[in-house]
Amino acid sequence: MSIQINESPFQERVQKGIENDFMRQAVSSAQGRFRTGKLTQAEELGNWEDWRQLGEEIRKHTVENLDYYLQQLSDQVSRRGGNVFFASTAEEATEYIQNVIKNKEAKKVVKSKSMVTEEIGLNHALELGGVEVVESDLGEWILQLDDDPPSHIVTPALHKNKEQIRETFAEKRGYTNSDKPEELASFSRDQLRKEFLSADVGITGCNFAIAESGTITLVTNEGNAEMATTLTDTLVTVMGMERIVPTWEEMEILVGLLTRSAVCQKLTSYITAYTGSRLEDEIDGPDDYHLVIVDNGRSKILGTEFQAALHCIRCAACINVCPVYRHIGGHAHNSIYPGPIGAVLTPLLDGYQDHTELPYASSLCGACTEACPVKIPLHDMLIKHRQIIVEKENKAPTAEKMMMKGFAKWSSSPAAYILSTKMARLALKAWTKDDTIENGPGPLKNWTNSRNFPAPSKQSFRAWYKEREKSGGAS
Amino acid sequence: MKVSLFITCLCDIFSANVGKDTVEILERVGCNVDFPELQTCCGQPAYNSGYVKEAKQSMKQMIRAFKDSDYVVGPSGSCVGMLKEYPNLFKGDKEWEEDAKELADKSYELTQFLVDVVGIVDVGSTFNGRITYHPSCHMTRILGVNDAPILLLKQIEGIEFIELPVKEDCCGFGGTFSVKNAAISEEMVKEKSQHVTETKAEYLVGGDMGCLMNIGGRMQREGKKVEVVHITEILNTTD
């Protein structure tokens, strides 16, 4: 599995999402909880807009000076006995990790939740090589048992309910108890604990890498990441190349924005931090430590009008307020990065070819931009994508192109425009009944399939205004 | 105060009454209204679909149309929001940059103009009824107009104002989105219609004809009795 999660056409995926009543109910109620929870958190903190501003400035500065901070991070990790590998592609990253595992003759890997490892298809690659991979995050583990991709970047199994989880546990792990969350959690704890203790290599993602100290920080509520970071002698971190902060001070600010935006908490139950490998005078840490920094298309975004997309801290605030996501769910986006940030990022990382529809799957309502804690202008970027699809990729439908050419002529010529205001009612007369259109022609049909369309006014405004002026203006 | 009316193509063609009400409201509060005939469309349908070159042709037409105006006032948060974007789009274009900025600076959405520029909240409406209000996305998030329409509505004596649940949610209009992604748009407007019904209001009021056509068209299809009206109709009711 890589960034794409299936191959069916977009509208088919949309329909499937719309028809999935359970998923929609689950997403809708989760969004409701996130909405109020986040507002409460922002209010409690106070000056939310100032914090967002600060968040944006930190991310902007870091990404603008990414080369400097990556060098600093790399130097610090090396100084602390770690190995640093810069992977240009997903393949380079997975190959490096496969070699680490091979050198250890390892058979089992314990992992913490990580979107970048989903992006590079790490689990799949390792499993092909005969290595068993155990996800330590409960949501990810459920999905792993079911071979199901994540539908959300923070709560990956959001689309599943407890009955479905009970079935999965029963089928895959011989679970016999009820679908009570406590019993399900207790069962998975028993199952996972055994797995953790027998793993040879730990792999984690990274929320923020701190350049000044070479420290990797992870944000979790289950504490599961520590199973990957403390139980094995060999530890690998996989991070997207932009997931970096200059110092602990910036980390503290961003982590507060992240946890409030992602899970409506001041802080999560666990913030895990680890640095390099165990040095001679230290009592803990891995003997063998590897930091894999993944580019996989990110450096191509630098210096473009999409650079701010690299500011993302993967909080999913945009997903949690997105009405489109609420109705079609994460899988319809056909990317492990769904929702507004996914629609922006996926074509950048994976090309337009398989993702032409994504930038259009938005009403441009701007809820995402408003929610983003680091102020990424997400809906503006969707418009920019559309512009590229039209002008550079030349992937817009011919009928649409002709219509827009017509629009340009119509709207830049008052004579043509005025004529159309006079003719509009007549042109739609055949479809009009009682001043409303229930079954419109051409592209209007898509509208009238589900709602009425108004008939044009009997007299256009400008015609009325002209008459009024002739008769002496205001009464 | 000399005000040029930016009627928007939607109102010009589909909702002439919104234009008439706008003229009468502005005149009632003492403005001297004119209607520059060279105006067409703000260009948003093309711009939002990715056709920037095509959009710029209508934008230039709008810049020409309002060249001599002191204030440009329109009954739409979305279309005025588009005018406000012009300076970004013509940045670096020596011929148009300055004029684009000038137009953006002097443009206002109607309720914003009444409250912030004219400085009035009582425009003499005698409307009676139970209303709820949908704050359209571009009015609030793009243009930043949140309070003005509410202030104008809430001070009308005969109005019972009921808050719309999850009012900030998009109605699913989104211009070409409503036909290009009709299935998603339909789910969004169904949800909005449901929320409006929950309020038991007699009227759903809004400040953008696009959204109102969408919500109104859906509620009509569902056979619901709620009247979907532009805020100008409420403000210009004077018995």
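The values are calculated or read from the model by the stated rules, or taken from the named source; none is laboratory data. Being a predicted model, the structure only gives us computed values, none of them experimental. No Cβ is skipped: glycine too gets one built from the backbone with ideal geometry, and neighbour counts run over all protein chains shown.
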*asked:* Being surrounded by fewer than 18 Cβ atoms within 10 Å (Cβ to Cβ) and in contact (Cβ under 8 Å) with a residue 40 or more places away in the chain is true for just one of A:463, A:416, A:427. Which residue is that?
replied: A:463
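Identify, from the list A:71, A:4, A:53, A:98, the residue that is modelled with pLDDT under 95 and surrounded by fewer than 17 Cβ atoms within 10 Å (Cβ to Cβ). So that I can check it myself, show each step before the final result.
Numbers: A:71 fails: modelled with pLDDT under 95; A:53 fails: modelled with pLDDT under 95; A:98 fails: modelled with pLDDT under 95.
Within the list A:71, A:4, A:53, A:98, the selection yields A:4.
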*Does any residue in the stretch A:217-239 that is more than 27 Å from residue A:295 (Cβ to Cβ) and in contact (Cβ under 8 Å) with a residue 24 or more places away in the chain come within less than 7 Å, Cβ to Cβ, of a residue that is surrounded by 19 or more Cβ atoms within 10 Å (Cβ to Cβ) and among the hydrophobic types (A, V, I, L, M, F, W, C) six or more places away or on a different chain, and which pairs are these?*
A:221/A:263; A:222/A:138; A:227/A:110; A:227/A:196; A:231/A:110; A:231/A:196; A:231/A:199
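Of the residues that sit in the stretch B:48-57 and are buried (at least 23 other Cβ atoms within 10 Å of the Cβ) and not in a loop (DSSP other than H, G, I, E, B), which one is farthest from the other protein chains (Cβ to nearest Cβ)? Let's see the steps before the verdict.
Keep residues of the stretch B:48-57 that are buried (at least 23 other Cβ atoms within 10 Å of the Cβ), which gives B:48-51, B:54-55.
Keeping just the survivors that are not in a loop (DSSP other than H, G, I, E, B) gives B:48, B:54-55.
Details: B:48: 6, B:54: 4, B:55: 8 Å.
Step by step, filter the stretch B:48-57, then rank; the result is B:55.
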*Return the total of residues in the stretch A:397-409 being facing chain B (nearest Cβ under 10 Å) and surrounded by fewer than 18 Cβ atoms within 10 Å (Cβ to Cβ).*
6
*Candidates A:59, A:35, A:24, filtered to the one that is in contact with a His (Cβ under 7 Å, 6 or more places away or on another chain), farther than 30 Å from residue A:83 by Cβ and surrounded by 12 or more Cβ atoms within 10 Å (Cβ to Cβ)*: A:24
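Just for strands (runs of 3 or more DSSP E) wholly inside the stretch B:135-236: which have at least 2 residues that are in contact with a helix residue (DSSP H, G or I) (Cβ under 7 Å, 6 or more places away or on another chain) and closer than 30 Å to residue A:49 by Cα?
Details: elements: B:158-162, B:203-206, B:227-230.
Fully inside the stretch B:135-236 and qualifying: B:158-162, B:203-206.
Quick test for you: out of B:168, B:187, B:198, B:160, pick the one residue that is modelled with pLDDT of 95 or more, within 20 Å of residue B:78 (Cα to Cα) and charged (D, E, K, R). Spell out the reasoning first.
Values: B:187 fails: within 20 Å of residue B:78 (Cα to Cα); B:198 fails: within 20 Å of residue B:78 (Cα to Cα); B:160 fails: within 20 Å of residue B:78 (Cα to Cα).
Selected residue: B:168, the only one of B:168, B:187, B:198, B:160 that is modelled with pLDDT of 95 or more, within 20 Å of residue B:78 (Cα to Cα) and charged (D, E, K, R).
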_Of all residues in the stretch A:349-388 being in a helix (DSSP H, G or I) and charged (D, E, K, R), the one that is farthest from the other protein chains (Cβ to nearest Cβ)_ = A:350
*Give the residue that is surrounded by the most Cβ atoms within 10 Å (Cβ to Cβ), with candidates limited to residues of the stretch A:276-303 that are within 19 Å of residue A:93 (Cβ to Cβ) and among the basic types (Lys, Arg).*
A:298
*Is there a residue in the stretch B:27-38 that is under 20 Å from the mean Cα position of the chain (by Cα) and either crowded, with 24+ Cβ neighbours inside 10 Å or in the same structural domain as residue B:137 (by TED's automatic domain parsing) (or both)?*
no
*Determine whether the stretch A:332-348 contains at least one residue that is outside any loop (DSSP other than H, G, I, E, B), crowded, with 23+ Cβ neighbours inside 10 Å, hydroxyl-bearing (Ser, Thr, Tyr) and within 11 Å of chain B (Cβ to nearest Cβ).*
no
